[in-house]
Amino acid sequence: MHGETSSLLELYVFILAGFVGFFTITRVPALLHTPLMSATNAISAISLVGSLVLAGADRGMLPTILGFVAVTSATINVVGGFIITDRMLKMFKRADKRPPPAQGAAGGGAK
Amino acid sequence: MTPRTIFIEAAYILASILFILGLRSLTIPDKARRGMQLAALGMLVAIIGTVVNHEIVRYEWILAGLALGTLIGYPLGVYVPMTAMPQRIAISHMFGAVAATLVGVAEFYALRQGADVTRPQMAALGFEVLFGALTITGSFMAFGKLQELLPSKPVTFPGQNLVSIAMFATAVGLFVWLLVDPANPVAFYAMVALALVFGISLVLPIGGADMPVVISLLNSYAGLASSATGFAIGNNVLIIAGALDGASGFILSIIMSKAMNRSFANVLFGAFGAAPKSSAKTSEGLTVRAITPEDAAIQLGFARQVIVVPGYGMAVAQAQHQVRELASLIEKNGGSVLYAIHPVAGRMPGHMNVLLAEADVPYDKLKEMEEINDEFKNADVALVIGANDVVNPAARSDKGSPIYGMPILNVDQAKQVIVLKRSMNPGFAGIENELFYAQNTAMLFGDAKASLAKLVHEVKQG
């Protein structure tokens, strides 16, 4: 099932995905570079998929334990990564979409 | 194809599409949040697609891992403050790399210690554990430095680069050996161990201000490790997601290196902070002009156009809310306030933007360097808060300066410059900053947060 043809196909997938990533991400503004990093980090926690199979395939004690640790690590990134990305993106608002500032409005007066 | 494999593959294709759409949404700030929620949905789809896999026969370890991971991941998502984002991201690179590396090691072990491993599979496993292992320790070191558990100054010893390179070369040598003869557990585990040690020695000599490059690079490695996992277990969604992550980290490292006018090699092996002071300029015979909060407040009160230049000092003092409060007052007085964000301000890409957005600064006022550099000459006041090297005019004029050639913010062109600074200690690079001695510059000494609070108070009085 895992012959040389499939390895070659996988290389195609990798290279094409790399191009998609390159052309998409070069257009992300510097404004969102921190959320970008936490987002790609959460997405690459898809290695959870491999960890799940490892933890559940019953291939012996050691692989199962390694699988368990891998599932835990990847889940931390999935859960924490998507939450924190959302938390950051929620904060970015345009001037016209922002509620009037609560701070600073109370005190002081016009010159 | 059985219906089950069709279902699994369909789930993976859908997940891949949603991931790409999610990243694409980040190009438009107003659509980013919704797009990333779609990407999270994609993750859920991929997980559901996986758990019906016929290879999975028992679920107790899976459920335990998912539960424990959620228990740790949830607070890491909800409670970590925005100021701590660089170390938060660094540690998450470690978790990602742990998952990839352990899958690789277990795969090798389960295939009769390499005896059943084909060469293409060995190539994938090799990349997986090499990138994975060095990212585990490298990210942990970066986390330690950013969290200040370790000294953030570069740690160097004679011959360090030689030792690092020798270790890396040996690890690559073992990898080549394994490609010839995969059934060689000693070589495999030695390679993993070497990569782990190499990760430590890679980050140890790197100082705080170079962290944006290092975090981006580790981001890229973590992605490549995930991608290699995909090759090793024959799973395309892993290959795609890992490639996206790898590309992202790679692009960010290039942007960060360019913003410092340095090459990767120079960042990784240069140990910048330890370099002897070779700046041609010294502070001898020059004096700085200190200013009181009262006088600074008067200048700000009359200013029509103010540009705020935040740096790492603002993050350390957690002064973003006071910045916002001061800006509100200036705006109420009829002035306009913009923010000039240097690409490497802070400890990770985009760090300043997140902090100011947290303090409710609208994102259309956060300007990138190219966008705002021509505006400084029209600015009445440039307010520099805890930034140093990114505003040092020596980068433009002084060929002897270590930062010569680095693109900087043209703060010195503003009519008045007020620099908020703790003391006259030079910045990270240990270089004197001419800006502080310029005619139009006034220094407001003290903790950034306290100084800003005083300014807010005074401007209110005025």
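Hey, can you tell me all the residues within region B:102-121 that are more than 7 Å from chain A (Cβ to nearest Cβ) and either part of a helix (DSSP H, G or I) or farther than 22 Å from A:Leu62 by Cβ (or both)? B:Gly104, B:Glu107, B:Phe108, B:Arg112, B:Gln113, B:Gly114, B:Arg119 - these are the residues of region B:102-121 that are more than 7 Å from chain A (Cβ to nearest Cβ) and either part of a helix (DSSP H, G or I) or farther than 22 Å from A:Leu62 by Cβ (or both). When B:Thr5, B:Thr70 are screened for being part of a helix (DSSP H, G or I), hydroxyl-bearing (Ser, Thr, Tyr) and within 7 Å of chain A (Cβ to nearest Cβ), only B:Thr70 passes.
Do you know which residues across region B:8-49 are at the interface with chain A (Cβ under 7 Å from one of its Cβ atoms) and hydroxyl-bearing (Ser, Thr, Tyr)? Within region B:8-49, B:Thr27 is the sole residue that qualifies.
Looking only at region B:294-346, how many residues end up being more than 10 Å from chain A (Cβ to nearest Cβ), in contact (Cβ under 8 Å) with a residue 40 or more places away in the chain, closer than 30 Å to B:Asp210 by Cα and surrounded by fewer than 24 Cβ atoms within 10 Å (Cβ to Cβ)? Residues meeting the conditions: 4. A search for C-beta distances below 6 Å between a residue of region B:155-182 that is in the same structural domain as B:Leu204 (by TED's automatic domain parsing) and surrounded by 14 or more Cβ atoms within 10 Å (Cβ to Cβ) and any residue that is in a helix (DSSP H, G or I) and of a type in the set (Ser, Thr, Tyr), counting only pairs 6+ apart in sequence or on different chains, returns B:Ser164/B:Ser201. Note on region B:47-63: residues that are in contact (Cβ under 8 Å) with a residue 24 or more places away in the chain and over 13 Å from B:Ile6 (Cα atoms) total 1. The helices (runs of 4 or more DSSP H) located wholly in region B:354-462 that include 2 or more residues which are crowded, with 20+ Cβ neighbours inside 10 Å and over 27 Å from the mean Cα position of the chain (by Cα) occupy B:448-461. Take B:Ala169 and decide whether it is more than 23 Å from B:Met348 (Cα to Cα), part of a helix (DSSP H, G or I) and hydrophobic (A, V, I, L, M, F, W, C). For B:Ala169, the condition - more than 23 Å from B:Met348 (Cα to Cα), part of a helix (DSSP H, G or I) and hydrophobic (A, V, I, L, M, F, W, C) - is met. Of the candidates B:Gly73, B:Gly49, B:Gly42, the single residue that is among the small types (Gly, Ala, Ser), closer than 21 Å to A:Leu52 by Cβ, within 23 Å of the chain's Cα centre (by Cα) and surrounded by 18 or more Cβ atoms within 10 Å (Cβ to Cβ) is B:Gly73. Just one of (1) of a type outside the set (Lys, Arg); (2) touching a Gly at 6+ places or on another chain (Cβ under 9 Å); (3) within 27 Å of B:Leu329 (Cα to Cα) fails for B:Ala394. It is (3).
Put simply, of B:Gly346, B:Gly334 the only residue that is closer than 23 Å to B:Ile298 by Cα and either assigned to a loop (DSSP other than H, G, I, E, B) or touching a His at 6+ places or on another chain (Cβ under 8 Å) (or both) is B:Gly334.
Among the residues of region B:247-264, is any over 15 Å from the mean Cα position of the chain (by Cα), of a type outside the set (A, V, I, L, M) and at pLDDT 95 or above? Checked region B:247-264: no residue is over 15 Å from the mean Cα position of the chain (by Cα), of a type outside the set (A, V, I, L, M) and at pLDDT 95 or above. Of the residues screened, B:Ala99 is not one that is assigned by TED's automatic domain parsing to the domain that holds B:Phe7 and part of a helix (DSSP H, G or I). B:Glu55 - would you say it is facing chain A (nearest Cβ under 9 Å), at pLDDT below 95, surrounded by fewer than 18 Cβ atoms within 10 Å (Cβ to Cβ) and over 24 Å from B:Gly199 (Cβ atoms)? So B:Glu55 passes the test. Restricting attention to region B:150-181, the residues that are of a type outside the set (Phe, Trp, Tyr) and modelled with pLDDT under 90 total 15.
Candidates B:Leu68, B:Leu26: the one that is without any contact (Cβ under 8 Å) to a residue 12 or more places away in the chain, farther than 23 Å from B:Gly242 by Cα and surrounded by 13 or more Cβ atoms within 10 Å (Cβ to Cβ) is B:Leu68.
The values are calculated or read from the model by the stated rules, or taken from the named source; none is laboratory data. Just so we're clear, the structure is a prediction, and the values are computed from it rather than from any experiment. Virtual Cβ from ideal backbone geometry, glycine too; neighbours counted across all protein chains shown.
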